[in-house]
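A short write-up of the structure that comes next.
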Amino acid sequence: MQIDRDDEIVILRLNRPDRLNAFTHEMGEEIKAALAVTDADDSVRAVVITGNGRAFCAGADLEAGADTFVHGETTPGVVPPDSGGQTALRIFDSLKPVVAAINGPAAGVGVTMTLPADARIASDDAKFGFVFTRRGLVPEACSSWFLPRLVGIPTALKWTYGGQMVSATEALDSGLVQQVVPKDQVVDTAIAVAREMTADSAPVSVALTRQLIWRMAGAPSPRDAHEADSKAIFVRGSMPDVAEGVTAFLEKRRAVFTDKVSSDLPEIF
């Protein structure tokens, strides 16, 4: 994993270009560790994830051949967790917005781990493959939850049943990605998107909003959202950021928010 910085934006680069950034357990652990650092660093406003080389991520590293998905000794009756799913859940839990800069082909876990990101920017040569059934597998990395919420059930079924590669244009038309840009612009565009999300926003409010939007996507009733919203508004209403935000609006100036994600984030859920 290569970690770069563009002022308040951290760029995580999958760094196995000779293997098309094929996913390994170690790569997943590096992503999770990096997000723990960005969550704790109040100078970080957002995270961009991209790949080095010509691909974003070719999926799971299949160097072990047919044994790739065969687990070693396990506790009887205990199902070992899917490493891609653990990575996706860590992205889901991020306290900072995450933007995927998909700089080339993304297949298997290479695409499913991007689904919890807040936006996906694709290069014009990107292709997406939900190829699991073609390997005798099933979708992983929590994609059976995320994918239908992003593109709808019929499209999710079409892509996962047949496993055909999806072009950047089809991905854009279906809502999987939000922009398609030339390859040499994908990271800069993702950084700009991340900056637009955060430049004038209160960091604690962004973190709470991210939790509210994502978690309420699976709520059984709008009443669940009403309960969570009410709690968040009540708690935030007495914090310094709200006084600053309202005062700045009335004084027609840019707000300077002081509440910190690392120490002032209220527990809503």
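The values are calculated or read from the model by the stated rules, or taken from the named source; none is laboratory data. This one's a predicted model, so the numbers in the text were calculated from it and none came from an experiment. Here the Cβ positions follow ideal geometry from the backbone for every residue, glycine too, while neighbour counts run over all protein chains shown.
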Seminar exercise, completed: Restricting segment 7-23 to residues that are within 16 Å of ALA106 (Cβ to Cβ) and over 16 Å from the mean Cα position of the chain (by Cα), the one surrounded by the fewest Cβ atoms within 10 Å (Cβ to Cβ) turns out to be PRO17
Problem set entry | Selected residue [over 24 Å from LEU150 (Cβ atoms) and either modelled with pLDDT of 95 or more or in contact with a Ser or Thr (Cβ under 6 Å, 6 or more places away or on another chain) (or both)] from ARG45, ARG54 | ARG54
For this session: Filter segment 239-269 down to residues that are exposed (fewer than 13 other Cβ atoms within 10 Å of the Cβ) and closer than 13 Å to THR209 by Cα, then give me how many there are.
Result: 2
For this session: For segment 1-29, name all the residues that are among the polar types (S, T, N, Q) and out of contact with any strand residue (DSSP E or B) (no Cβ under 7 Å at 6 or more places or on another chain).
Result: THR24
Exercise. When segment 186-203 is examined, which residues are found to be in contact (Cβ under 8 Å) with a residue 40 or more places away in the chain and over 17 Å from ARG254 (Cβ atoms)?
Worked result: VAL186, VAL187, THR189, ALA190, ILE191, VAL193, ALA194
Exercise. Filtering segment 196-238 down to residues that are among the charged types (D, E, K, R) and surrounded by 18 or more Cβ atoms within 10 Å (Cβ to Cβ), which residue is nearest to LEU265 (Cα to Cα)?
Worked result: ARG236
Seminar exercise, completed: Subset of segment 107-135, residues within 22 Å of GLN86 (Cβ to Cβ), part of a loop (DSSP other than H, G, I, E, B) and either hydroxyl-bearing (Ser, Thr, Tyr) or over 16 Å from the mean Cα position of the chain (by Cα) (or both), comes to THR114, PHE130, VAL131
For this session: Give THR209, THR258 a once-over and let me know the one that is free of Cβ contacts under 8 Å to residues at least 40 places away in the same chain, polar (S, T, N, Q), part of a loop (DSSP other than H, G, I, E, B) and outside the structural domain of ALA40 (by TED's automatic domain parsing).
Result: THR258
For this session: Can you confirm whether segment 118-129 contains a residue that is among the acidic types (Asp, Glu), in contact with a strand residue (DSSP E or B) (Cβ under 7 Å, 6 or more places away or on another chain) and at pLDDT 95 or above?
Result: yes
